[in-house]
Each structure stands twice: as structure tokens, then as C-alpha cells.
1. Mind checking which pairs have a first residue in the range 42-55 that is within 23 Å of residue 27 (Cβ to Cβ) and a second that is basic (Lys, Arg), Cβ under 9 Å, 6 or more apart or different chains?
2. Looking at 26, 33, which one is modelled with pLDDT of 90 or more, over 19 Å from residue 4 (Cα atoms) and surrounded by 15 or more Cβ atoms within 10 Å (Cβ to Cβ)?
3. Kindly establish whether residue 51 is surrounded by 13 or more Cβ atoms within 10 Å (Cβ to Cβ) and in a helix (DSSP H, G or I).
4. Going by the conditions given, is residue 43 open to solvent by less than 90 Å² (accessible area, probe 1.4 Å) and at pLDDT 95 or above?
5. Can you name every residue in the range 19-31 that is out of contact with any helix residue (DSSP H, G or I) (no Cβ under 6 Å at 6 or more places or on another chain), of a type in the set (Ser, Thr, Tyr) and outside any loop (DSSP other than H, G, I, E, B)?
6. State the number of residues belonging to the range 50-67 that are modelled with pLDDT of 95 or more and among the hydrophobic types (A, V, I, L, M, F, W, C).
7. Do you know which of the residues in the range 82-100 that are modelled with pLDDT of 65 or more and either among the charged types (D, E, K, R) or part of a loop (DSSP other than H, G, I, E, B) (or both) is least open to solvent (accessible area, probe 1.4 Å)?
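The values are calculated or read from the model by the stated rules, or taken from the named source; none is laboratory data. Since we're looking at a predicted model, the values are computed, not measured. Note: ideal-geometry Cβ built from the backbone for every residue, glycine included; neighbour counts use all protein chains shown. Surface accessibility is based on the protein's heavy atoms, side chains included, excluding ligands, DNA and RNA. Shrake-Rupley method; radii C 1.70, N 1.55, O 1.52, S 1.80 Å.
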Amino acid sequence: VLSGRGGGVHGHPGNKRYRTLVNSMKAEYLSSKTRKTQKTHIAANIAWTIRQSNPPGRFLKVDASAGMWCKIGDKAALRKTAQALRENSGYSLCWRNMLARDDGGTPECKSRRSVV
């Protein structure tokens, strides 16, 4: 999982897999019933899943002075994952509300990035 901005980082296969894992847990993470300790556990579980994958995943950032990718460590990986779980939460809340509805209807959810 590469830290940074831009298409190169965004399109990296590890980042795509990471976003899939994050998105699969967003509704639970953002639920009003989920307590802070549970949220920490969700973020840690995603980071652990990435690191335990085959081949093992790593969380990296570029060292500008050396021009090389370096590991960011557990604490930074946890912070990055928690932030990713909170990203675009308005959109995620829309889907959470849809999942909670009894009629099974589809909400009018629009990504903030797609709204001009």
C-alpha cells in the first residue's frame, strides 16, 4: 500500500486491494453503534490482513531525499487505515442508511467527487 497522492499511487494494485478491504468495512466502522475501541480493531484488522496476505503486503511512503520507498510502521499504517475508513463518509452514510431501510430501495447516493 503506497502512501501519497496521484494516479500512480491510486492505481497501484496493492492500493486497489486495500481500498476494497476498506470499503467492505466502512458501513460497520461508521455505524453509530460501533465504539471507538471497535473502530481501532477494524482498522488494525485491515492492516493485519494486508500484511498477512500472500505475498505479504507492506505500507510504504516515499523518502524524497533518497528517492526510495520505506516502510511506515504499524502506528502510521493504523492512522492511514482509520483515515481511509472515514473518507467520503457522507457517501458511505448514504449506503449505510440504505442498508438499514426495510423497503430495500436504492438511495440517490452520489460521490462528492462526482458532483460538479
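1. 43/79; 43/80; 47/80; 50/17; 50/58; 53/17
2. 26
3. Values: surrounded by 13 or more Cβ atoms within 10 Å (Cβ to Cβ): yes; in a helix (DSSP H, G or I): yes.
It is true that residue 51 is surrounded by 13 or more Cβ atoms within 10 Å (Cβ to Cβ) and in a helix (DSSP H, G or I).
4. On the way: open to solvent by less than 90 Å² (accessible area, probe 1.4 Å): yes; at pLDDT 95 or above: yes.
Against the criterion (open to solvent by less than 90 Å² (accessible area, probe 1.4 Å) and at pLDDT 95 or above), residue 43 qualifies.
5. To start, the set of residues in the range 19-31 that are out of contact with any helix residue (DSSP H, G or I) (no Cβ under 6 Å at 6 or more places or on another chain) comprises 19-20, 23-24, 28, 31.
Add one more test, that the residue is of a type in the set (Ser, Thr, Tyr), and what stays is 20, 24, 31.
Passing the criteria: 20, 24.
6. Count: 3.
7. Selected residue: 88.
Rundown of residues vs (1) touching a helix residue (DSSP H, G or I) at 6+ places or on another chain (Cβ under 7 Å); (2) surrounded by 11 or more Cβ atoms within 10 Å (Cβ to Cβ); (3) part of a helix (DSSP H, G or I), yes/no style:
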site: 15; (1), (2), (3): yes, yes, yes
site: 56; (1), (2), (3): no, no, no
site: 69; (1), (2), (3): no, yes, no
site: 76; (1), (2), (3): no, yes, yes
site: 80; (1), (2), (3): no, yes, yes
